Amino acid sequence: MKIVLLIEGKTEQAFLPTLRQFLQQRLPDRMLRLDPAPYDGRLAKEGRLKRDVERHLRTADFVVALTDVYTGDSDFIDAGDAKRKMRGWVGPNERFFAHAAQYDFEAWLLPFWAEIRRLAGHNMGAPGTPESVNHTRPPSVRIKEIFRVGSRGKDYVKARDAHKILRDKNLEDSAKQCPELKEFLNTILRLCGGDCL
């Protein structure tokens with residue numbers, strides 16, 4: 001089975017190794033080919049997204065799109081709105097699945113706040129329930145803040161630091177606090193005939 005994952009490029013670099021590890025553990029006897037189709041920046045929208053999905057479906061069984069709600073524009077109100085709009089842009093298609101991180105991918109890192117604190121070298125308190133940290137100061141901003149004030153003297157770099165935060169972590173632990181992540185993981189597990197979380 002081949003699934004194409006439409007994803008923002010830096011999120012792909014940070015998230016894909018941990019996602020593959022999670023799926024290998026959950027689907028040990030399944031032949032899954034998860035091919036990322038990273039975008040340079042945000043995912044396409046409207047007609048371009050539809051064309052991209054149709055092009056990938058020529059060679060793939062399914063296409064799963066993953067976007068942030070916070071894209072730098074005000075296209076989406078929340079994850080539900082982002083998923084509705086993406087499905088609307090693509091049109092009826094049983095082989096396309098739209099998903100969104102509420103409000104950005106970094107929300108899925110917040111359950112590992114102890115690791116974030118360790119890497120940043122600071123004891124700042126956790127910002128709250130991961131998927132309720134919103135547009136005014138989204139999770140990525142919170143993580144940038146702790147890195148900026150931390151003793152390690154490094155800025156937060158998504159591709160480098162998110163990968164370090166997730167290294168050797170079980171995504172199921174994050175999915176327990178992040179319903180949008182749980183829904184995303186369950187879509188892939190269900191498509192592959194695996195047991196959902």
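Kindly evaluate Thr129 against the criterion of being in contact with a strand residue (DSSP E or B) (Cβ under 6 Å, 6 or more places away or on another chain), surrounded by fewer than 23 Cβ atoms within 10 Å (Cβ to Cβ) and closer than 30 Å to Leu27 by Cα. Give the steps one after another, and end with the answer.
On the way: in contact with a strand residue (DSSP E or B) (Cβ under 6 Å, 6 or more places away or on another chain): no; surrounded by fewer than 23 Cβ atoms within 10 Å (Cβ to Cβ): yes; closer than 30 Å to Leu27 by Cα: yes.
In short, no.
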Would you pick out the residues in the range 96-118 that are open to solvent by 20 Å² or more (accessible area, probe 1.4 Å) and either part of a strand (DSSP E or B) or in contact with a Cys (Cβ under 8 Å, 6 or more places away or on another chain) (or both)? Phe97, Gln102, Pro111
Sole miss for Asp61 among (1) in contact (Cβ under 8 Å) with a residue 60 or more places away in the chain; (2) closer than 26 Å to Lys176 by Cα is condition (2)
Restricted to the range 143-164, and to residues that are part of a helix (DSSP H, G or I) and over 17 Å from the mean Cα position of the chain (by Cα), which residue is surrounded by the fewest Cβ atoms within 10 Å (Cβ to Cβ)? Val149
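Looking at the range 57-69, is at least one residue open to solvent by 80 Å² or more (accessible area, probe 1.4 Å), assigned to a helix (DSSP H, G or I) and modelled with pLDDT of 95 or more? Write out each step before concluding.
Going residue by residue through the range 57-69, those that are open to solvent by 80 Å² or more (accessible area, probe 1.4 Å) are 58-59.
Now restrict to residues that are assigned to a helix (DSSP H, G or I): none.
There is no residue in the range 57-69 that is open to solvent by 80 Å² or more (accessible area, probe 1.4 Å), assigned to a helix (DSSP H, G or I) and modelled with pLDDT of 95 or more.
Tell me, which residue of the range 165-197 that is over 12 Å from Leu119 (Cβ atoms) and of a type in the set (Lys, Arg) is least open to solvent (accessible area, probe 1.4 Å)?
Ranking the qualifying residues of the range 165-197, first place goes to Lys169.
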So Ala44 clears everything in (1) open to solvent by less than 60 Å² (accessible area, probe 1.4 Å); (2) more than 22 Å from Ser140 (Cα to Cα); (3) more than 14 Å from the chain's Cα centre (by Cα) except one condition, right? Which one? (2)
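The values are calculated or read from the model by the stated rules, or taken from the named source; none is laboratory data. As the structure is a prediction and not an experimental result, all values here were calculated from the model. Neighbour counts are summed over all protein chains in view; Cβ atoms, including those assigned to glycine, are modelled from backbone coordinates with ideal geometry. Please note that ligands, DNA and RNA were not included when accessible areas were found on the heavy atoms of the full protein model with its side chains. Shrake-Rupley method; radii C 1.70, N 1.55, O 1.52, S 1.80 Å.
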